[in-house]
Amino acid sequence: MALTKSVSEIIAEDTSGLLGAHPTWSRVPLCQVATVLNGFPFASELFSTDSGMPLIRIRNVLEGATETFYRGDFDKQFVVQQGELLIGMDGDFHSARWKCEPALLNQRVCKISVDEHVYHPVLIQYALPGYLAAINQATSAITVKHLSSRTIEDIDLPLPPFGEQERIVEKLEELMSDLDAGVAELKAAQLKVAQYRQSLLKAAVEGRLTADWRAARASSNGPQESGTDLLQRILAERRARWETRQVAKYAEQGKTPPKGWQAKYPEPVTLDTTSLPVLPDEWAWARVDVAGEVQLGRQRAPQFHSGENMVPYLRVANVFEDRIDVSDVMQMQFSASEEDTFRLKRGDVLLNEGQSLELIGRPAIYRDELPNACFTNTLVRFRCSTSVTPEYALMVFLHNLHSGRFQKIAKITTNIAHLGAGRFAGLEFPLPPIEEQAEIVCRMDLYREAIQELGAFIRKGLSQSAAQRKNILKAAFAGQLVPQDPNDEPASVLLERIRAGRAAQGASKK
């Protein structure tokens, strides 16, 4: 990593307005109004999840809480008290005040202790994020960006007269308090919408969403096919598909099927339903590989980067929730048989096989967005049987995604979670009659439109709040939020006092 510009150059080139300063103010390096304490490299073998002193790591800076503890000895200077200002020095360079009980300052996190006689600690809290974001933007990196304490100390902060600092902070606290309350309400509403959506998905795949539809249908049409009959019919269809493929293979090879070849049919594993919810009488529990065919994509490799049959393919970067993005598509060599195996068909459901844990199994229906495309092993394909519609299968998989079902079966290697084609194939799949599947999808579409509209309204509100927050901060650091008072000690005099104090402190140390 490398900071490509000096902090003064970053400030001079700023266009955000967040690094501004009123013409009558001065600027002062952070190191002259605050001290920066780097965290200590505590031994990871003494980390614990249930006992010891709480330990602040980079990911805890914004969260304000930690689930990591340290069971060894420590120097008290590295204890962070509630309310103290922290900066994460890797990644996105976040800053925040510590919200919880005293905790230890781990490496790559630093603490900012402000001299409150010359600089208001709340003002520096509001100022820092803009400078850290600009420094982050000017820092190059191959992997993770790193921030040095020297760079933090070199930040030239705006220095208003101290009286004006107090008035700015008072006004900022008033405005931000109202703004934060509104944002909290919007985020609470956003969470409730997500919970409502998940409750609808759960009701849809357990039969409660269409209970009235089944009752009306039963009263008009008489007894319906039972769930047991439905499952037996699907199993018979599954066996018939296998036999058709086997006969075709023998025909391609010019062979006659040998005696007893049907006995080689791989019977599906029986699903254990003891811990599963009770479904309506007309429904049945099946395994995913009974409801359709499961196929892991083709592996990428250097030898496939060129060839005579270059085929476009989809990968995990193309598959989002209920949406396929083909703006960034790559190609690789497929043999004729491989292309036949991995070619996508309209209605195939693609799921993320390798992804971050919270996104594992994210599904979307392929609707010929990229004609004649194949797919890689970062995706799993589910191809519906004749008794399952792609739209209903998508509902089931969305429920599994948001309920955490996919997360429970995922296997984590390094920082990537893997769904696993075999584990996915063995999952439970609630099967209603195909007519009811269509009714479920129809009803969910109506709910989804309303949910999407509400979600868009909330996102717009959050976006407007972020813009308003930025405008307030721009006004504050441009000296436009509160009036200047000619009776204030001038910023230039305050700066000289700060420098004199630092010089005297240095002489005392010598």
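Readers should treat all values here as calculations from the given coordinates under stated rules, not as data from a laboratory. As the structure is a prediction and not an experimental result, all values here were calculated from the model. Every residue, glycine among them, receives a Cβ derived from its backbone with ideal geometry; neighbour counts consider all protein chains shown.
Our coupling estimate for the range 395-412, obtained by passing each phi through the Karplus curve with A = 6.51, B = -1.76, C = 1.60 and θ = phi - 60°, is 4, 4, 6, 5, 4, 5, 5, 7, 8, x, 5, 5, 4, 5, 9, 5, 10, 9 Hz, Gly and Pro reported as x.
First select every other residue whose beta carbon is under 13 angstrom from the beta carbon of Gln190; then total the charges, Lys and Arg +1, Asp and Glu -1. In short, +4. A Stokes-Einstein calculation at 20 °C with viscosity 1.002 mPa s, built on the Kirkwood radius of the range 20-134 over Cα pairs, returns a diffusion coefficient of 144 µm²/s. For Ala215 and Tyr447, the FRET efficiency from 1/(1 + (r/R0)^6), where r spans their Cβ atoms and R0 equals 25 Å, is about 0.80. With a simple spin-label model that places each label point 7 Å from the Cα along the Cα-to-Cβ direction, the separation between Asn38 and Lys460 comes to 4.9 nm. By the Kirkwood approach, averaging reciprocal distances over each pair of separate Cα atoms, the range 230-311 gets a hydrodynamic radius of 16.6 Å.
Spin-label pair Arg233-Cys31: with each label point 7 Å from Cα along the Cα-Cβ axis, the two points sit 7.9 nm from one another. For the range 126-200, the calculated P(r) over all alpha carbon pairs, in 5 Å bins from 0 to the bin holding the longest distance, is 3, 11, 13, 12, 12, 13, 15, 11, 6, 3, 1, 0 percent. The separation of the range 1-21 from the range 385-454, counted between C-alpha centres, amounts to 47 Å. Considering only Asn60, Thr341, Leu495, the residue lying farthest towards the positive end of the dipole of the chain is Thr341, judged by Cα position with unit charges set on Cβ. Which FRET efficiency value, to the nearest 0.05, is calculated for Asp328 and Gln82 with the Förster distance at 41 angstrom and r the Cβ-Cβ distance? Here the calculated transfer efficiency is 0.35.
Our summary of shape: the Cα atoms of the range 288-363 have principal axis extents of 36, 29, 21 Å, ordered from largest down, in whole angstrom. Projecting label points 7 angstrom from Cα along Cα→Cβ for Gln480 and Arg405 puts them 5.4 nm apart.
Taking amide H as placed 1.01 Å from N in the peptide plane, Asn106 has its amide H under 5 Å from the amide H of Phe40, Ile56, each at least 5 places away in sequence or on another chain. Stokes-Einstein diffusion for the chain at 4 °C, viscosity 1.567 mPa s, with a Kirkwood radius from C-alpha pairs, works out to 46 µm²/s. Cα centroid separation, the range 123-162 to the range 22-82: 17 Å. The tail of the calculated P(r) for the range 373-510 beyond 27 Å holds 60 percent of all Cα-Cα pairs. Note on Phe47 and Met310: the extension gain reaches 89.7 nm, defined as 0.36 nm multiplied by sequence separation minus the Cα-Cα distance. Computed over neighbours whose Cβ is under 14 Å from that of Glu164, the net charge equals -3, Lys and Arg +1, Asp and Glu -1. Each DSSP beta bridge with both residues in the chain is either parallel or antiparallel, and the antiparallel ones are about 90%. Look at where the Cα atoms of the range 459-510 and of the range 326-371 average out, and the two centres are 53 Å apart. Between the beta carbons of Ala504 and Gln137, assuming R0 = 41 Å, the FRET efficiency works out to 0.65 to the nearest 0.05. Couplings for the range 41-55, taken from phi via the Karplus curve 6.51 cos²θ - 1.76 cosθ + 1.60 with θ = phi - 60°, read x, 5, 5, 5, 5, 9, 6, 9, 9, 9, 8, x, 8, x, 10 Hz in order; Gly and Pro are left as x.
The length gained on full extension between Ala12 and Gln299, counted as 0.36 nm times the residue separation minus their Cα-Cα distance, comes to 98.4 nm.
Rounded to the nearest 500, the helix-only mean residue ellipticity at 222 nm of the chain stands at -13500 deg cm²/dmol, with each DSSP H run of n ≥ 4 adding -39,500 (n - 2.57).
Pairwise Cα distances in the range 62-129 exceed 20 Å for 29 percent of all pairs. Taking amide H atoms as placed 1.01 Å from N in the peptide plane, the amide H of Leu157 lies under 5 Å from those of Val28, Leu30, each 5 or more residues away in sequence or on another chain. Remark: the range 427-507 is approximated by an ellipsoid whose semi-axes, taken from the C-alpha gyration tensor as √(5λ), come to 64, 20, 5 Å, largest first. Averaging over all projection directions, the Cα-based convex hull of the range 74-178 occupies 8.1 nm² in the image plane.
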